[in-house]
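The values are calculated or read from the model by the stated rules, or taken from the named source; none is laboratory data. None of the values given here were measured: they were computed from a predicted structure. No Cβ is skipped: glycine too gets one built from the backbone with ideal geometry, and neighbour counts run over all protein chains shown. Quick note on the areas: whole protein, heavy atoms, side chains included, nothing else; ligands and nucleic acids left out. Shrake-Rupley method; radii C 1.70, N 1.55, O 1.52, S 1.80 Å.
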Amino acid sequence: MANENKGFPFLSGNALKIIAAVSMAIDHTGYLIFPEIGILRIIGRLAFPIFAFMIAQGCRYTRNKIRYFTTIAVLAAVCQIVYYIADKSLYMCILVTFSLSVLIIYALQHFKKALLNPDSTGIQRLFAAFVFVLSVTGVYLLNRAFTIDYGFWGCMVPVFAGMLQPVGAKESEYEKKFNYNWVHVLMMSAGLILLAAERGGIQFYSLLAVPLLLLYSGKRGRLNMKYFFYIFYPLHLVAVQGIEMLIN
């Protein structure tokens, strides 16, 4: 992964994801076990923007786009099956949200490549634009038909984070000379504001994650912890819900 920041920023992708995972566990503990302690839910607002930002980073740097999407989508499907068996609920979890985000980001990347490629024909650029618009429209309609975690604007937050990410070798070489991480964070902040404006309440506290994201070093970290974070999501939910059942 390219180092987008130089000098002061020091938080790796792994460090940010660990902060997000701990925040998520605190949030769900507050929601299920200690609903009267509001500060737990406020701390939990850090999780979504950090994971959303890292989803955009993953879409940018992954070497296998199909595998990246499939990993998230398959885990989302497994979680949804378990949720339905346990609660008979069709509420779509955050992994469904991020799966839809990935599809839109891929469509956006395809459109930008077609737009910037001098060899692309008008038909190719028009088709790429159509695919992108179709992906956004499809996700919007899905959110009207089903209850998806964080809703339409939640699906769009990672897209905002990746909206101005460069594509192609020339842009990557150019980016190495400058620090553009703050631009990506600023764009994602706009998405968070739209999400908070729609949902209100404590959702505005998600903007507290912005200073942490500005400290992102652009590096993954020494250890490959990718699958740990995929597994952590369902396991921590089982643990928290198990404790809640024992208490009640």
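Do we find a residue being surrounded by 21 or more Cβ atoms within 10 Å (Cβ to Cβ), of a type in the set (S, T, N, Q) and modelled with pLDDT under 95 anywhere in the range 43-59?
yes
Only one of LEU40, LEU115 is at pLDDT 95 or above, more than 20 Å from TRP153 (Cα to Cα) and in contact with a helix residue (DSSP H, G or I) (Cβ under 8 Å, 6 or more places away or on another chain). Can you tell me which? Steps first, answer last, please.
On the way: LEU115 fails: at pLDDT 95 or above.
Of LEU40, LEU115, the one residue that is at pLDDT 95 or above, more than 20 Å from TRP153 (Cα to Cα) and in contact with a helix residue (DSSP H, G or I) (Cβ under 8 Å, 6 or more places away or on another chain) is LEU40.
Residues that are out of contact with any Pro (no Cβ under 9 Å at 6 or more places or on another chain), within 23 Å of TYR227 (Cβ to Cβ) and of a type in the set (Val, Ile, Thr): does the range 51-65 have at least one?
yes
Quick grid of which residues meet (1) of a type in the set (Lys, Arg); (2) touching a residue at least 40 places away in the same chain (Cβ under 8 Å); (3) over 22 Å from GLN241 (Cα atoms):
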| site | (1), (2), (3) |
| --- | --- |
| ILE37 | no, no, no |
| ARG45 | yes, yes, no |
| PHE53 | no, yes, yes |
| THR70 | no, no, yes |
| GLN80 | no, no, no |
| GLN124 | no, no, yes |
| SER135 | no, no, yes |
| GLY138 | no, no, yes |
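What is the residue count in the range 148-171 for residues that are open to solvent by 60 Å² or more (accessible area, probe 1.4 Å), at pLDDT 95 or above and outside any helix (DSSP H, G or I)?
0
Tell me which residues, restricted to the range 220-236, are at pLDDT below 90, over 17 Å from the mean Cα position of the chain (by Cα) and open to solvent by 90 Å² or more (accessible area, probe 1.4 Å).
Once the filter is applied, which keeps residues that are at pLDDT below 90, over 17 Å from the mean Cα position of the chain (by Cα) and open to solvent by 90 Å² or more (accessible area, probe 1.4 Å), the range 220-236 yields ARG222, LEU223, ASN224.
Working only within the range 1-23, note down all residues that are modelled with pLDDT under 90, surrounded by 18 or more Cβ atoms within 10 Å (Cβ to Cβ) and either of a type in the set (D, E, K, R) or within 19 Å of the chain's Cα centre (by Cα) (or both). It would help to see each step written out before you state the result.
Narrowing the range 1-23 to residues modelled with pLDDT under 90: 1-10.
After this cut, where a residue has to be surrounded by 18 or more Cβ atoms within 10 Å (Cβ to Cβ) as well, the list is 4-5, 9.
Passing the criteria: only GLU4.
Quick one: VAL131 ticks every box in (1) touching a Cys at 6+ places or on another chain (Cβ under 8 Å); (2) among the β-branched types (Val, Ile, Thr); (3) open to solvent by 20 Å² or more (accessible area, probe 1.4 Å) bar one, so which box is it?
(1)
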